[in-house]
Amino acid sequence: MQAIAGSNHPCPQWERVLAEPAFEQQYGTEEQCRAVVIASRWPKGFECPACGGRQYSLVTTRDLYQCTSCRRQTSPIAGTIFASTHLPLRIWFRAIYHLTQTKQGISSIELGRRLGVTQTTAWKIKHKLKQVMLERDANKRLIGRVEIDDAYLGGERSGGKRGRGAPGKTPFVAAVETTPEGKPVRLKLRRVTSFCDKAMSSFAKRSLDPNCSVVSDGLRCFASIADVGCAHEVIKTGSGPKAARTPAFKWVNTALGNIKAAITGTYRAISSQHVPRYLAEFEYRFNRRYDLASMIPRLAWAAVRTTPMPYRLLKLAECCA
Ligand SMILES: [Zn+2]
């Protein structure tokens, strides 16, 4: 494991965020947000979920589409995450705005304040959107040159021992795809059960293209990523701050430094079962950093295609983030 660099880590290039007035102009009213949701749900025009019919009439009093063939009435938000609260869509879009346009993430207390809802409601909205981000990127594999490293989240402030295998920490793998010249392209962050051969082999199968070429330090389990058929080069780094500056691992170290800054700057603590969603949020933003404004309609598009996870599953334990 590389020691995570301190505050002087370099930053990958990020595009400027969408300014709040521009956001308000595009997504400030309920009608505008509803139009985005409808266009995402039915890009080729209305399609009845019961019979596939295309003709409809609007039940304007209840915002429903009624199929001309079978008379079934459908809400454009039925079965999507937007239906799970009674909040106006413009509140959801504001949440999407804050979640996608802040590099550091946003705590549910702060989000609640900005949306004018309780912290519990803000937490629900945020985790439902994070779940969309997680499912959206779950099956995309990294290709080309990949820097990989092991890391941990949580536990740092509980006074436990530091480093590999410390109790209370959630292990995860960080992998950055770069261009052949070493410029960062995409990031993948995955929680693993532990740093063992089996977990690493299964990580590689889900996350790496067989044609990629991976560099890692000498941690023994990394040898198992070759199970997927990719090339694997071990670069000896030693340990401590010197290891963090090894050029071969520049971007995976940078990503880890940024994650650490974001997590410690924004959240008090993250419980283990929520870690995948926090990682997914970070990964989602990083991978779309060149087109920040388009993240809003793209996340809305993904959201209408993601089956909402019930609150009881979302919140398996208390979380204070
Ligand atoms: Zn129908």
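The values are calculated or read from the model by the stated rules, or taken from the named source; none is laboratory data. Given the structure is predicted, the values throughout are model-derived calculations rather than measurements. In this analysis, Cβ positions are derived from the backbone assuming ideal geometry, glycine residues included, and neighbour counts consider all displayed protein chains. These area figures cover heavy atoms from the full protein model, side chains too; ligands, DNA and RNA do not enter into them. Shrake-Rupley method; radii C 1.70, N 1.55, O 1.52, S 1.80 Å.
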Inset, instruction - Determine whether Gln101 is touching a residue at least 60 places away in the same chain (Cβ under 8 Å), more than 16 Å from the ligand (Cβ to nearest atom) and either among the small types (Gly, Ala, Ser) or more than 26 Å from Pro21 (Cβ to Cβ) (or both). - result: no
Legend entry - Test result for Ala78, surrounded by fewer than 17 Cβ atoms within 10 Å (Cβ to Cβ), in contact (Cβ under 8 Å) with a residue 40 or more places away in the chain, outside any strand (DSSP E or B) and more than 13 Å from the ligand (Cβ to nearest atom): no
Inset, instruction - Specify which of the listed residues (Tyr56, Tyr27) is away from the ligand (no atom under 14 Å from the Cβ) and either within 29 Å of Ala262 (Cα to Cα) or touching a residue at least 12 places away in the same chain (Cβ under 8 Å) (or both). - result: Tyr27
Legend entry - Enumeration of residues in segment 276-303 that are open to solvent by 10 Å² or more (accessible area, probe 1.4 Å), under 22 Å from Thr80 (Cβ atoms) and not small (Gly, Ala, Ser): Pro276, Arg277, Arg288, Pro297, Arg298, Trp301
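Per-residue answers, yes or no, for (1) modelled with pLDDT under 75; (2) in contact with a strand residue (DSSP E or B) (Cβ under 9 Å, 6 or more places away or on another chain):
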site	(1), (2)
Val234	no, yes
Gly238	yes, no
Thr246	no, no
Leu256	no, yes
Ser272	no, yes
Ala302	no, no
Thr307	no, no
Inset, instruction - Can you give me the number of residues within segment 29-62 that are surrounded by 15 or more Cβ atoms within 10 Å (Cβ to Cβ), among the small types (Gly, Ala, Ser) and within 27 Å of Ser294 (Cβ to Cβ)? - result: 2
Legend entry - Of all residues making up segment 83-130, the number that are in a helix (DSSP H, G or I), open to solvent by 20 Å² or more (accessible area, probe 1.4 Å) and of a type in the set (Gly, Ala, Ser): 2
Inset, instruction - Test Ala248 against the stated conditions and say whether it is small (Gly, Ala, Ser), open to solvent by 30 Å² or more (accessible area, probe 1.4 Å) and more than 15 Å from the chain's Cα centre (by Cα). - result: no
Legend entry - Single residue of segment 63-75 satisfying the filter (assigned to a strand (DSSP E or B) and open to solvent by less than 60 Å² (accessible area, probe 1.4 Å)) that is nearest to the ligand (Cβ to nearest atom): Cys67
